[in-house]
Structure formats: structure tokens, C-alpha cells
Amino acid sequence: MRERGTLTEVVFVVGPLIAFLGNAGALLSRDLLDDADDSAQRTATTIHTVVIHAVAFFALTAIYLNKMTTPVTALLVAVVTALLAVETLERSSVDEARKITMALLAGGAVAAASVPLMWWPTHGLTGGGVLFVVFYLAIGIIQTGVERRGWLPRDGILYGLVPLAMFMLLVITA
């Protein structure tokens, strides 16, 4: 019984620490994004991307680990993904209606992936990892399409081979 108390204590310490670091990183990246310097822009974009992806991993994993009903899980996954997609596309030059449409599409894609995942007999962080890989794929494709309006061979590697390799790793370790 003591182990459960220890885990609760760890969660009470680690949870606020993650929230603090996420907020600090987001504030730092927003401050740097407003800076005119090109190297500051790259640094801010990197920090912003890391924070969004870290929040996505932890949020999607927490939703999956709670094992709620499938409709509730899909709805929560869609909302979290859509909100993070809006944040990702905040600095892009497209109009607000298109940003929201793209964010809803990303949310729908990750929510659709969560439905069959609920029947997959997996344990631990694997389910959250699968949802994160789908999030990475959806956000990456949308962001590349919105910002560049064209595809490069490296995009095929980043959003084709990398997610495929991660899916295979998750399937093997499940």
C-alpha cells in the first residue's frame, strides 16, 4: 500500500514541475518569437515546438491511461489535439477560419486513431505513444502544407518514414 502513496507523492511533485516548465518554455518562446533577430526566431520556434509536443505526449498519454469510454476518450483527444494545433498554427499567415478548420481536421484524425486503440490490449505508455505519433503526423503534415504550400523529399521522410518506424517500434514493444 505504501507504493501507491509514493506514486501519488511523485505525481504531486512532477505534475506541477512539468506544468511550470511548459509555461516557462511557452512564455520564453513567445517572447523570442516577437524578437526580430533570425537566430532568436529559430530558437523560439524550436522551444515552442518542443513544448507543444511534450504537452501533447503527456496529455494524450494521460487520456489513454485513464481508460474512459471510447466516445469520451475520442472527444478529449480531439479537443486536446485541436487546441494544440491552433497553438501550432498561431504564427502562420493563413486566416483564422482555415487555421480552425485545419485544427479540427487534426483533432478528428487523432480521435479516429484513438477509437481502435481502445481495443488494443496494450499497457503503460504505448497507447499514449501511438496517439502522440498520430498527433506528430497530423500536425506535421498540416503545418508543412500551410507554411510551405509544397512538399520536399525530407517531408516524406519526416512524416512518412519516422512515424512508420515509431509505429513499428510501438507494435513490437506492446
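The values are calculated or read from the model by the stated rules, or taken from the named source; none is laboratory data. On a predicted model such as this, the values are computed, not experimentally measured, just so you know. Using ideal geometry, Cβ is built from the backbone for each residue, glycine included, and neighbour counts are taken over all protein chains shown. Accessible surface areas use protein heavy atoms only, side chains included; no ligands, DNA or RNA. Shrake-Rupley method; radii C 1.70, N 1.55, O 1.52, S 1.80 Å.
Looking at segment 69-174, the trypsin sites (Lys or Arg not before Pro) that sit in a DSSP loop and have at most 12 other Cβ atoms within 10 Å of their own Cβ are Arg148, Arg149. Annotation: extensible slack from Ser93 through Leu158 equals 21.1 nm (criterion: 0.36 nm per residue apart, minus Cα-Cα distance).
Any idea what the dipole of segment 67-131 comes to, in debye rounded to 20, about its Cα centre with Lys/Arg Cβ at +1 and Asp/Glu Cβ at -1?
160
Calculate the FRET efficiency for Arg148 and Ala62 from the Cβ-Cβ distance with a Förster distance of 35 Å, rounded to the nearest 0.05. For Arg148 and Ala62, the calculated efficiency is 0.60. Computed over protein heavy atoms with a 1.4 Å probe, the carbon and sulfur contribution to the accessible area of segment 123-174 reaches 74%. If R0 is taken as 30 Å, the Cβ-Cβ distance between Phe167 and Thr43 corresponds to a FRET efficiency of 0.45. Subtracting the Cα-Cα distance of Leu83 and Leu125 from their residue separation scaled by 0.36 nm leaves 12.9 nm.
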